[in-house]
Every structure is written in structure tokens, then in C-alpha cells.
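Since the structure comes first, as C-alpha cells, the remarks are kept for the end.
The values are calculated or read from the model by the stated rules, or taken from the named source; none is laboratory data. Note that the structure is a prediction, hence the values are computed from the model and not measured. Neighbour counts run over all protein chains shown; Cβ positions are idealised from the backbone, glycine included.
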């Protein structure tokens, strides 16, 4: 219908009753008034306490109901309620007054009779019209209905429809939108459809959901449905308000999609729900899953707590609920019948070949999309990765896939396994370098630093400001496995060795990464604070990837807090699929529940502050190894450093390995076996093992007595890599207790045997 067309004649407002029904109802009500009037006149004179109590309670209840109605903003409804209550209030007032007054007076009989007579005469005025509800055969989707002419323009012809438009206009929740093209389905039912029209150039607000529309017309939320208008933009939205249909359908079994919408509206998005204000705006139900598009109402940020939502939607295992969000206004909730990551395939060479963006396919996401992980970032250069997982979580399989991908993609793999090579036996002999043991891990890192120093020196001489793969050097990634055995709180290694390793980590972050050297930390439990420069590691980890497999709850929460900023609710990964629901069922039946498949390879992958639920490709173990992974390794030649770099790496590794073994064999007081420490090598070799704080203090005192503050300055307190003042004080106290130094005076220290004559 165009704006110039005349609106067709509209049907009259439906009458609530037929004439016969109206007369019959009026006769019944008048008869009730006669009986009530006689009871109010005679009852007070009788000795009937129950009758007296009932009359007083009826009056009080009527007053309380009217008082409750005063809280409503619907003035018309309040006026109607007052009109209906007048006969009841009049008769109960007469009854109560007669009970209170002594004796029998003429007004005690006349007043209730007159009140009943007036109520009967005023019946056509005081009795509000009702509306007879009749279920109709309404279409399931509003948008599929034929367009209807605008009905709100002719107020005189359609007062009911005009009243609906006025209610919409008067509501604060509807903003600047208008209710147009209103069409009532039947003369005998209130059900109607319409178009919500936003101002020109604006979209219909997202806050106008089913709940808001239901509040405007005071109908159940289940009576409201919204849909897009075919061929129109977001400035128009179709709405159906059908309380008659909702009442008729309330006694039938709901379809799955209807039940999902109802549960979400009532248990999740409603006020008092598990995620109030997070409204379902679209959904689809497939054979094996249901997908829900959620939008937060203004001005809220998206918040989708995974476990509470699973509980609200009657999902017994929260692992079947997957949530992704933008971190701002929208999110997607996917609910599965069976966990989608139980069955995954093995990797292929194509999966592990680095693309133009430096990414490989490491596994699959819960919805079947590939889970990609970068080995290199063309814009940022070499990256820092963190791989964490408890025994049996699939950490080693993940690392083997990454190392095989590096070999296939021409990336030099420099690997060290602090668990004497037991964690990654498949990699030994199949990568450029493989160091086994704690000392080898430290030496490997030191040798990688030497290569980074060499590249920095050559780049400075040539005026190069960045790194290009294979021009002139290849990309190399350093993988340090079982790092928790070196830097973890439970690690049984000397403190100075830890300090040397963390110093080299910080050094490599500055030089190695800038010149084509990536760094990968792996362990059963890694806290960012253990990795030297925690802030730099955290920042670089967000630019790279964090693979977080099954670990304890505290570790999960710590990593999520460090690496996720999109609001995704990160929950720990169980050891078995379906174990939570099975354990509860076993506790009830008293029978042992069968274990589901292991979740090895399941992980949260954090990239750029976002979290993805994924699983690494399957690897089949035979005779304690993974032949499929070995075949992937051997599908390409082993990449290597340039000859000059290879010489630097081998020499630096040999020197650092000897020094590391000496340091591990000694104690932290004398800095190594026999008090020996490695000398600082020339540039391009491995960074030297640090001289112990004890030796530095003794060296400072060799020149004569010094005060505490002079000793602190001499050993480097206040410098970037210097010790803390408290560490110096503690070392002085230990040396004094051991008899190696003396105190000639308060605050002054000297070597044992020093005399004033010296």
C-alpha cells in the first residue's frame, strides 16, 4: 500500500458479549447484589462470628487489592478496578458499621438495601467490558504473512487499534519508534500483528525485545514474537502479540526451538536470570547442536557465564556448551548433543605447512573450523608461545606437531627437554638441535642467545632495521620443554642457575626475537612470573599463542586472567569426556560409571586476548612412540642455521654446557664447584654464567673494609640486572655467621684476618 492509497474500511470494535449473554450476566449479577444486600442487613444481628469475620476480611482484601493497583502506571485499569469494587466496599462498610454500632437502628437495614439497589441500577456503567479469547490458526513466522494496510491512521474507525498505538507511544521503553500497520486477526480476539518503525536512518533498538513488548501491552512474554521484515532493513521489525494463541498453546508440547527460546528468556536473559540483559536475537537447531546468537542490551557488555548457562538450559555437562563472544555486545552459544571434539583425524603435511600469514592448522575447533596457530607473524616477526598441560593432557603430542610443522615449513627447530629427552623422544635426531637435561636446557638457551647477538651485530653493521625470512638467515624457534623442572617453585636447582636461565630468557626476548628467533615455553605448570621479565613475556605471549591443556583450576584461572580479555568464561578441562555427569549418576546408583574417552589434546587456545576451544589432531601411539608423527617429521629435510651461525651455536653450546654442569654440581654460596664461574665470552658466544653474589661481595672487600651502602653499590644494587638490597644484606649476614668476614665497626665489613695495620 502506498502512502497515497486510502485506507480500507476497518471492522468495528468487537463486542464482548452477544445481547442474550449480556442480559443473562446482568441478571445473575443483580441477583447476587440482592442476596448480598439482605445478608448485610440481617447478618450483623445474628450470632455468627464466621459470617462477621468473612465480611470484614472481604472488605479489607478489596481495599488491599486497590492499593496494589495504585502502583501500576495504567490509569484506565485502576479506574475500572475502583468501579468494580464500589458495590463490595459499600456493602462491607455497611456490615462493619452495623457490627460496631450498639443495638438495631433503621439505617442498619436501609443502608445495605439502598447500596445493593444502586449497584444493580448502575450495573451497565460500572461493569467493564470483557474480551472473549478465541485461539486462531496463526502463522508461525510473522515475516511470512502478507503485508497489511496501516490501520492506526483512522482513529474513529478503529479505536482498539488506535489504543494499541497510543499505548506504544506512551511507553518509555519504545523510545522514538512507532507502531504502524496494525492488523487485528479476528473481531473476537485481541491478537494482532504490526510493524515497529524506527525514525528515518535509525535501527530499531536492540532493547525492544519480546520482554519489553510484553510489558507495553501487559501480556505474557510467550505471547510476543518478533521477526525481520523481508526486503526491509533494521529500521523495521515485525511484531506479533497473540495472548489468545499463547493461552491455547500453553497446553500443548512445545517444539524444541520454542522451548529453547522460552528457557533463554525466562532463565537466562530475564531479570534474576543467570545473565540478565543477554537477549537471544536469533537461533537455529541442527541435528547435533543448537546455536544461539546473543546480544547484550544497552549499555551492558556481553557476559555469558558458561556453567550457569548450562544449568539454566538443563544441560547436564557444561563441556557441551561452547561460548564465543566479541567482548563487547554479541556472542554465540553452541549446545551439543555429544561433545564435538571426541573424534578428530590425524594431521597431514598440508595441515602443517605454514601459509602466507605464518600459520599452520594444529587441530580443529569445536564447530569444525580449523584451529590455526602461527609459527611466525609477518608483521611482528618471531613470536613467543606457551604450551602448558599436565601429564596425559596431550602437551607432548602438541609440541611434536609444532616441531614437525617447523621442519616441513623450513623453520629451524632448536629444542631442549629438561626431562632428559623423555618428553619428546620423537624429536631427537629429527630437528636441528636437541638438548636433553637441565644443564642442556640452559646451554641451549645460551647458545640461541649467541646466535641472536651475532645477527644483531651483523644487522647493525649493514643498517638493517628488521628481519626477513631466509634473507639472509632462516627463521629459528627455540622450544624449551619441561621448563617447570628448572624455573618452577618445586625445581631442585641452585638459585644462581635459575637466575642465569631467566636472564637469558630476558636477553633473548630483546635480541633473538627481533632478529628471527622465536621462543616457546612448555611445561606441566608455568606461571608467567617464573619467566624472568613477566610483563614482557605476558605481552609477547598475547601476540603469540598460549595452548592451555588440562591443568589444575588455579592454573587455568591464572592463565585466563593473564591472556583473555574477550569475556569468555574459561573452565578447567576434565580428564575424560562426559566424566562429570557420569560421576554424579554413579554416586546415585552406587555403581561404577564407565569412563568416557580421554580428553588428551583438548585445550583452550589464547590468541590476541581471545579464547578458542579446540583439540589437537589425533596421534596414534605404537610401541611407545608415534609413527604418524615420525612420518610427518621425515616428510621434509631438516632445516639448519647458516654455516657461520652453526659454528657460533656449537661453540657457545659446548662452553655453556660445561659451565652449567659445574654450576649445577656446586652450591649457590660459592657460585659453582670450587668457587669457579664461567668467564664472560666474547660477543657472538654464549652469555656467561653470572658470578655469585657472594664472590662479588668478597671481591669488593678485597680492597679493604667497606660500609654496607658501599658494598651495595659495588655489587650493582640499583642497576637493571643488579641484586636487591635485601639480598646483599642477607649474604653479608651469612658470610659473617660462617666466619668469612668480620665487622670492625658498626655498619662496616672486612675480610677475615684484616687488621687496622693493614
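Values for this structure:
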quantity: Extreme residue, nearest to residue 98 (Cα to Cα), among residues of region 55-74 that are modelled with pLDDT under 80 and surrounded by 14 or more Cβ atoms within 10 Å (Cβ to Cβ); calculated: 66
quantity: Count - residues of region 460-491 that are crowded, with 18+ Cβ neighbours inside 10 Å and more than 39 Å from the chain's Cα centre (by Cα); calculated: 1
quantity: Candidate set: region 377-388, residues that are assigned to a loop (DSSP other than H, G, I, E, B) and touching a strand residue (DSSP E or B) at 6+ places or on another chain (Cβ under 7 Å); chosen: the one farthest from residue 614 (Cα to Cα); calculated: 382
quantity: Members of region 271-282 that are modelled with pLDDT of 90 or more and surrounded by fewer than 17 Cβ atoms within 10 Å (Cβ to Cβ); calculated: 276, 281, 282
quantity: Restricting region 311-328 to residues that are in a loop (DSSP other than H, G, I, E, B) and touching a residue at least 40 places away in the same chain (Cβ under 8 Å), the residue that is surrounded by the fewest Cβ atoms within 10 Å (Cβ to Cβ); calculated: 314
quantity: Residues within region 210-234 that are in a loop (DSSP other than H, G, I, E, B) and touching a strand residue (DSSP E or B) at 6+ places or on another chain (Cβ under 7 Å), tallied; calculated: 2
quantity: Every residue from region 321-349 that is touching a helix residue (DSSP H, G or I) at 6+ places or on another chain (Cβ under 7 Å) and over 21 Å from residue 572 (Cα atoms); calculated: 346, 347, 349
quantity: Residues within region 386-397 that are surrounded by fewer than 23 Cβ atoms within 10 Å (Cβ to Cβ) and under 25 Å from the mean Cα position of the chain (by Cα), tallied; calculated: 1
quantity: Subset tally (residues that are surrounded by 20 or more Cβ atoms within 10 Å (Cβ to Cβ) and either over 22 Å from residue 396 (Cα atoms) or modelled with pLDDT of 85 or more (or both)) for region 512-536; calculated: 12
quantity: Where residue 346 falls short, out of the listed (1) crowded, with 18+ Cβ neighbours inside 10 Å; (2) at pLDDT 90 or above; calculated: (1)
quantity: Residues of region 191-202 satisfying the condition of being in a loop (DSSP other than H, G, I, E, B) and surrounded by 21 or more Cβ atoms within 10 Å (Cβ to Cβ); calculated: 191
quantity: Odd one out for residue 430, checked against (1) in contact with a helix residue (DSSP H, G or I) (Cβ under 6 Å, 6 or more places away or on another chain); (2) within 21 Å of residue 547 (Cα to Cα); (3) assigned to a loop (DSSP other than H, G, I, E, B); calculated: (2)
quantity: Residue, modelled with the highest pLDDT, within region 692-710, restricted to residues that are assigned to a loop (DSSP other than H, G, I, E, B) and crowded, with 18+ Cβ neighbours inside 10 Å; calculated: 705
quantity: Flag if residue 205 is closer than 17 Å to residue 281 by Cβ, in a loop (DSSP other than H, G, I, E, B) and outside the structural domain of residue 280 (by TED's automatic domain parsing); calculated: yes
quantity: Criterion (part of a loop (DSSP other than H, G, I, E, B), within 21 Å of residue 440 (Cα to Cα) and either within 46 Å of the chain's Cα centre (by Cα) or at pLDDT below 75 (or both)) met by exactly one of 657, 689; calculated: 689
